[in-house]
Amino acid sequence: MAREAVVADHAVQEGWWVVVSASNHGRLRQSQINAAAIGSLVVITGLLIVSVLLVRSSVASDERAFARQAEFKALGLQLQAASDFLTDSARKYAVTTDRRHLDAYWQEINTTKTRENVVARLGQLGAADDELALVHSRDYIALVEAETKERRSQLSTGDTPINPYSGEAARLAAGAVLNAVDAVLSAKAPNAFCLVRPPGHHANQTQGMGFCLFNNVAIAARHAQRVYGVERVLIADWDVHHGNGTQDIFYSDGSVLFFSTHQSPWYPGTGAASETGEGEGAGTTINCPFPAGTGSNKIFRAFREVLLPAADAFRPDLILISAGFDSRVGDPLGQFLLTDDDFRQLTELMKDLAAKHCSGRLISVLEGGYSLDGLALATESHVRALISG
């Protein structure tokens, strides 16, 4: 049974900002954003679905500010990346605190060119414990809940910065991806892009790492298998950092093919080519590590000469992308040289692969990306490729 998405009542209570498409102003800059937690947004091409993005307004006290600069930056990244691609007229994002404004914006959206792509509002529904437990241990889920409420600055299981709202933001992010799975696998949309924070690919069954609390893409894969009977899932990860959490979760599971291109040596220090899976998962983990300075030639060769034949043999029923744009040239946390056009070509390659094996069923989930302008441009290129015929 598919999840029923509902708009949370607190989304329009005083103190919450709701981000919707509407403004003709220029891109939002980090200096314009003052907030302490983020939710999620889903863009589903064909059926363009937006999961209302919740941003809780910040006050001066440390306890309601971001615990780490990286988390503050992540909010700016999310809004920056969302700035350009929703409509042909390049309508931007605006912030409102009033339900009447939100309704007016949606009325305006539905009477513009966006209507040609079919725009619908997808309500908020954070992932429930049972959904998170498809991947994570219940002890770990409880730990995240407790430690975020304890106002810790870092999760005890690893190097993940947190604040009192991180647990809620992580549930909303995972829930948004589950909503995308529902939409694509119920044939309401051909593909989807999930613009979510926090990312997820470093989180394993019992541990958060990096900026990750719950593994969004892994939860999506398990949800597809449990609810829709999907047998084989391909996860392709082009983040500059190895998706060690995703690898750990599926390392002995032959029903998920995990493919990763990433910088090595680099954080988190995993992802050697010799790591190929074990037991029933032997051969279904494929790592392609590359040194700093790697550009499109080597990355494209890995996708074309390694991923494509492996996918042909695996025959996935669903394809998920861990779309990390920190592999873009100029990202402060990566040293790859991919360009916006490279991401367009990678997206087209993945679309073609999905068309060949699984009737186009493709869901992309945002992972890393830490240059405001770079993430905005790379994301736009990615989503335009998803939308294109």
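The values are calculated or read from the model by the stated rules, or taken from the named source; none is laboratory data. Source: prediction; values computed, not measured. Note that each Cβ is placed from the backbone with ideal geometry, even for glycine, and that neighbours are counted across all protein chains shown.
Just one of the listed residues (235, 219, 286, 249) is surrounded by 23 or more Cβ atoms within 10 Å (Cβ to Cβ), of a type in the set (Val, Ile, Thr), in contact with a helix residue (DSSP H, G or I) (Cβ under 8 Å, 6 or more places away or on another chain) and more than 17 Å from residue 160 (Cβ to Cβ), and it is 235. Total residues in region 299-331 satisfying the condition of being of a type in the set (Val, Ile, Thr) and either closer than 20 Å to residue 224 by Cβ or assigned to a strand (DSSP E or B) (or both): the figure is 2. Where residues in region 198-216 are surrounded by fewer than 24 Cβ atoms within 10 Å (Cβ to Cβ) and in contact (Cβ under 8 Å) with a residue 60 or more places away in the chain, which of them is farthest from residue 129 (Cα to Cα)? The residue in question is 207. Count of region 125-142 residues, restricted to those that are among the aliphatic types (A, V, I, L, M) and not in a helix (DSSP H, G or I), is 6. Among the residues of region 289-324, the ones that are of a type outside the set (Val, Ile, Thr), in contact (Cβ under 8 Å) with a residue 60 or more places away in the chain, in contact with a His (Cβ under 8 Å, 6 or more places away or on another chain) and surrounded by 15 or more Cβ atoms within 10 Å (Cβ to Cβ) come to 6 in all.
Note on region 217-233: residues that are of a type in the set (A, V, I, L, M, F, W, C) and more than 17 Å from residue 194 (Cα to Cα) total 3. Of the listed requirements (1) under 22 Å from residue 375 (Cβ atoms); (2) outside any helix (DSSP H, G or I); (3) not β-branched (Val, Ile, Thr), residue 252 misses just one: (1). Remark: pairs (first residue in region 341-354, of a type in the set (Asp, Glu); second residue at pLDDT below 95 and part of a helix (DSSP H, G or I); Cβ separation under 6 Å; 6+ apart in sequence or on different chains) = 348/385. Just one of the listed residues (240, 256, 181, 233) is within 14 Å of the chain's Cα centre (by Cα) and within 26 Å of residue 346 (Cβ to Cβ), namely 181. Taking the conditions (1) in contact with a strand residue (DSSP E or B) (Cβ under 8 Å, 6 or more places away or on another chain); (2) on the phi < 0 side of the Ramachandran plot; (3) part of a loop (DSSP other than H, G, I, E, B) in turn, residue 234 satisfies each one other than (3).
Just give me the residues in region 372-389 being charged (D, E, K, R) and within 21 Å of residue 240 (Cα to Cα), in sequence order. Those that are charged (D, E, K, R) and within 21 Å of residue 240 (Cα to Cα): 373, 380.
Once region 184-197 is narrowed to residues that are buried (at least 24 other Cβ atoms within 10 Å of the Cβ) and over 15 Å from the mean Cα position of the chain (by Cα), the residue that is nearest to residue 145 (Cα to Cα) is 184.
When residue 275 is tested against (1) of a type outside the set (Gly, Ala, Ser); (2) more than 21 Å from residue 347 (Cβ to Cβ); (3) touching a His at 6+ places or on another chain (Cβ under 6 Å); (4) not in a helix (DSSP H, G or I), exactly one condition is not met: (3).
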